[in-house]
1. Just for strands (runs of 3 or more DSSP E) wholly inside region 344-391: which have at least 1 residues that are among the polar types (S, T, N, Q) and in contact (Cβ under 8 Å) with a residue 12 or more places away in the chain?
2. Based on this model, can you work out whether residue 38 counts as part of a strand (DSSP E or B) and either open to solvent by 20 Å² or more (accessible area, probe 1.4 Å) or at pLDDT below 95 (or both)?
3. Given the structure, is residue 266 open to solvent by less than 50 Å² (accessible area, probe 1.4 Å), among the small types (Gly, Ala, Ser), in contact with a Ser or Thr (Cβ under 9 Å, 6 or more places away or on another chain) and farther than 18 Å from residue 361 by Cβ?
4. Quick check on residue 327: is it modelled with pLDDT of 95 or more and either open to solvent by 40 Å² or more (accessible area, probe 1.4 Å) or within 30 Å of residue 269 (Cβ to Cβ) (or both)?
5. Sort out which residues of region 330-357 are at pLDDT 95 or above and in contact with a Gly (Cβ under 8 Å, 6 or more places away or on another chain), and write them in order of number.
6. Grab the strands (runs of 3 or more DSSP E) fully contained in region 143-226, keeping just those with 2 or more residues being of a type in the set (S, T, N, Q).
7. Which residue pairs have Cβ atoms closer than 6 Å, lie 6 or more positions apart in sequence or on different chains, and pair a first residue in region 251-275 that is in contact (Cβ under 8 Å) with a residue 40 or more places away in the chain and among the aliphatic types (A, V, I, L, M) with a second residue that is open to solvent by 10 Å² or more (accessible area, probe 1.4 Å) and in a loop (DSSP other than H, G, I, E, B)?
8. Can residue 59 be described as part of a loop (DSSP other than H, G, I, E, B), out of contact with any His (no Cβ under 6 Å at 6 or more places or on another chain), of a type in the set (D, E, K, R) and touching a residue at least 40 places away in the same chain (Cβ under 8 Å)?
Amino acid sequence: MLKPIRVGVVVAAVLALLAPATPSSAGHESDPRTRNLQPLGHTDEDRRVTDFFQPFFTDAAFWGKVAYQGVWWGGFRTIDVSDPRRPRVLSEVDCGVFQGDIGVWGDLVFRSVDSPVTATNAQQTCANDSPAVLAPAGGFEGIQIFRVKDPRRASARDLVTVVGTDCGSHTHTVVPDLRNGRILLYVSSSGAAPEYAATRFGNSCSAEHGKFQVVEVPIRAPQRARVIADVPLGRSADATVANDCHDIGVLMNQGRRLAVCAGDVAVLFDITNPAAPRFLRSFSAPGVSSWHSGQFSYDGRVAVMGWEPGGGVAPECEAADPAVNKSIFFFDTRTGRLLGTWQLPRPQSATENCTIHNYGIVPTARRDVLVTGAYQAGTWVVDFTDPRRPRTLAWTDPPSYDPANLTLAGAWGSYWYNGHIYETNITEGLNIYRLRHPAVRGARWQPFLNPQTQLGPVR
């Protein structure tokens, strides 16, 4: 709970600011929330998820005034966000199976495929009309690369090439290496199954994975994209400290160049040479079996880690659940020591899938502030400038969906981008908010955003 400040006038102002707002109308506008989080526009979707073989919304990335939103069993779509009060869907690309994690650089769009599909060429990887396309004995899984010259007319025909990656791509992290005219993708597999031998696309999968892969995409010739490195998740290939990564957070801010793999344990790398990450150390916390997401304070001193108890589909934020299940963890990057945790302060019901899922750090030098999506627990804003005493700044927490007709729902990820918070919502699409709080004043304008990649400088 928020601790009251012992100054009468300030207390009154803070309580008024953080009191739940009165519901006003349908959609995200009517969800319980703090008064400093103002709902703006939304794409007004309602994609009910009754199984995992249908299209619903996953992560998002931004280039200029266009949002690129991943689609689980489908592809991705483009959204005009030039007016945050009236976002407008421009196009939807139907191409590929799950997971649909998305990245963007200029007119290049990258999409993760995390299940083997039968294919003999790049275009056949778009086949997704039936679960029968799954190929447990082997097939393509990895990265799809599109060249979208006009976001208003994006389609499967924009697919340039595919790059097979071992055990697929659950997520990927966009790492610019402009000095060498290329984009690097750090590819996270998240799991080593099913096992299969090398396919025509070069990907294979074995239980002893123990790495992440680096894909090189020449900006002027993306059709030449290829895997250029296997990065062991330990000091050597035969001494791993983790088997795979679920997500990889990257910081490239002035002299600080770090990456953190969120896997069986958290693994920290020096990426001064981004094509050859160098193992630094690993760290974990009692009760956490596998990390899910990682980010950094912009000065690189704190690693922000979250995990996914219950796999994202279970109600793990009930009042009786252990605190470790509904917490964010803050680690000292120099020592690996746990500095503190933030615990979700609003208990959720037994019908709400809940985990602190995907998040981003507000680009400001004044404070350390994160914005996170937590599935049916909604969107939360947390100040961790003092990681030993993090505090809640704002939240919006929707009521439970009907569990009889829904498998999964809620905020997949929530991100700060140029003065607004964008919530990519599994069933609702894109919800946009404006946050009023001194902690985010002076936040840096960004020409683009791949949320797992933090680029500086922040002054």
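The values are calculated or read from the model by the stated rules, or taken from the named source; none is laboratory data. Being a predicted model, the structure only gives us computed values, none of them experimental. As a convention, Cβ positions derive from the backbone with ideal geometry for all residues, glycine included, and neighbour counts pool all protein chains shown. We work out accessible area using only protein heavy atoms, side chains counted, and drop any ligands, DNA or RNA first. Shrake-Rupley method; radii C 1.70, N 1.55, O 1.52, S 1.80 Å.
1. Here the list reads 369-373, 379-383.
2. Yes.
3. no
4. Yes, satisfied.
5. 330, 333
6. By residue number, 171-177.
7. 259/277; 271/277
8. No: the conditions fail for residue 59.
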